[in-house]
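Since the structure comes first, as structure tokens, the remarks are kept for the end.
The values are calculated or read from the model by the stated rules, or taken from the named source; none is laboratory data. As the structure is a prediction and not an experimental result, all values here were calculated from the model. Cβ placement follows ideal geometry from the backbone for every residue including glycine, while neighbour counts extend to all protein chains displayed. Surface areas here come from the heavy atoms of the whole protein model, side chains and all, with no ligands, DNA or RNA. Shrake-Rupley method; radii C 1.70, N 1.55, O 1.52, S 1.80 Å.
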Amino acid sequence: MLSMQLKIYKDYQSLSEAAANEIVSLIKHKPAAVLCLASGDTPRLTCKLFATKAKQENLDLSQITFIGLDEWVNIPPDNEGSCHYFFQHEIFEPLQFSPGQVHLFDALSTDLNNECRKMDGLIFDKGGIDLMIVGIGMNGHIGFNEPGVSFDNYSHVAELDNTTTSVGQKYFKAAMTLQQGITLGLKHLQEAKKVLLIANAAKKAEVIQKTVEGDVTPSFPASIMQQHNNGYVMADEEAAGLLTAKNK
Ligand code: GLP
């Protein structure tokens, strides 16, 4: 029996509304929450809706700790394809987060291992991640936890596989050499108090089917979601299109 739960939404809008509402209700319940978000196309609307709702409801965000899931190694923060740029424009600027409350990997660091240990230490010191919202790559990755990764890894530097380097071009204005990523590990995901994996559109139907119904295996990293007892796979109808009826 799966411990993870599956939630299917009519479309991208309603999926994103639900994910944004999760962030809002967490912050209302726990103003000093530790929040970890992925960047990418999927969470973009979630972030926009969260920013709108937070302003409308005048939420106090001053105690939030914000953690970025991952970053492309060697891509500067002012490059529009970087995760830094995404969060800066979707969350930090609109909601006036202070620099002290945001923690993103410095992917230009000459000591990336130290970046990883700093991130792990921060998460530990804060008492763990309250809510993690992740996407899924076309090879089943979460963050830059690529196929074959250990489920026991905390933050680490990953060699990117061919799917990631080619699909990743979509974030950049010009062709980009992408070789490595720095990322939270799947141990962080397993230890997070709540995890939402969000996916929309028909192109994600195959990876969602494997995530929910495939074997739990490091060769398909997102399958780890099946073992999270407060984990939710949230898909729109198109992304859920290949699931068998029993799961719908
Ligand atoms: C990227 C990132 C992930 C992201 C995933 C899906 O490569 N490393 O953190 O969740 O791929 O991205 P998208 O939402 O654009 O499909």
Over the alpha carbons of region 132-220, what is the largest minus smallest coordinate on each principal axis, giving the biggest first in Å? 38, 31, 21
Quick check for you: with a 1.4 Å probe and neighbouring chains kept, what is the accessible area per residue of the chain, in Å²? 44 Å²
Virtual paramagnetic centre 7 Å along Cα→Cβ of ASP78, amide N under 18 Å, in region 90-127: 90, 93, 106-109
Quick one: grab Rg to one decimal and Dmax as a whole number for region 1-125, Cα atoms only, in Å. 15.4, 45
DSSP loop (so not H, G, I, E, B), at most 12 other Cβ within 10 Å: list which trypsin sites (Lys or Arg not before Pro) in region 139-239 pass both filters. LYS173
Name the trypsin sites (Lys or Arg not before Pro) in region 6-114 that are in a loop by DSSP and that have at most 14 other C-beta atoms within 10 Å, would you? LYS10
Under the 0.36 nm per residue contour assumption, what length would be gained going from the current alpha-carbon distance of VAL167 and HIS89 to full extension? 25.9 nm
How far is the Cα center of region 176-197 from the Cα center of region 149-165, in Å? 8 Å
Carbon and sulfur together cover what percent of the accessible area of region 188-248 at a 1.4 Å probe radius? 46 percent
What is the magnitude of the charge dipole of region 123-248 about its Cα centre, with +1 placed on the Cβ of each Lys and Arg, -1 on the Cβ of each Asp and Glu, and no other charges, expressed in debye to the nearest 20? 260 debye
Distance histogram in 5 Å bins (all Cα pairs of the chain, percent per bin): 1, 7, 14, 19, 21, 18, 12, 6, 1, 0
Considering only protein heavy atoms and a probe of 1.4 Å, how much of the accessible area of region 8-160 is carbon and sulfur, as a whole percent? 50 percent
Rg/Rg_globular for region 88-144, with Rg_globular taken as 2.2 N^0.38 Å and Rg from C-alpha atoms: 1.33
